[in-house]
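Worksheet: the structure to be examined is printed underneath.
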Amino acid sequence: MTSIAEIRAGSIKAIHEQIIGGKVGEFTVDLLSTITPIFSCWVKNNVGRETTNRTVTGRAPNEDIEIKIDGLVEKYIVITARRLVRRHGLSFAVLSEHNNDDILNEGQPHFTMVLDPFENSDEYKRRLPTPPFSHFQIYHKRGEPIAAGAANLATGQMY
């Protein structure tokens, strides 16, 4: 016989998963809350405004030149996400503006994370007041969107 405490615990877990999307939602919140304070600190301290002389694949050189913070942020996100997928028992393929060959965790990826690690890098490089963002979307392998996260790196606000 199931006790009232077990029913409540099961109900709370079910409600929790509905609100934040279960493991993927928890992963999303964990990733966003880990990277945002660090990247906001980097922005406030003007880290990585230097040009790397690399362009984004498929774009004209005058449209999108990579700056140092682009690579730093992407690398940090992938390292952090790799640690978090193990904790949450997930597996991702990562598609990014600068790199598309990362598989996080072993085996067949359950999900795809589409990542723009540092949005508005040209404006950041030129010291314009446009706030830089970091954002990602997570899709089920059937292509259905299931979670997303965005951070305003000038203010530290997370969405």
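The values are calculated or read from the model by the stated rules, or taken from the named source; none is laboratory data. Computed from a prediction, not measured in an experiment: that's the story for all the values here. Accessible surface is based on the protein model in full, side chains and every heavy atom, while ligands, DNA and RNA are left aside. Shrake-Rupley method; radii C 1.70, N 1.55, O 1.52, S 1.80 Å.
For the stretch 135-147, the Karplus equation 6.51 cos²θ - 1.76 cosθ + 1.60, evaluated at θ = phi - 60°, returns couplings of 8, 8, 10, 10, 10, 5, 4, 7, x, 7, x, 10, 6 Hz by residue, with Gly and Pro reported as x.
Among the listed pairs K23/K68; K68/K141; K23/K44; K23/K75, a Cα-Cα separation exceeding 28 Å is found for K23/K68; K68/K141; K23/K44. Here the stretch 109-159 has 54 percent of its accessible surface on carbon and sulfur atoms, given a 1.4 Å probe and all protein chains in place.
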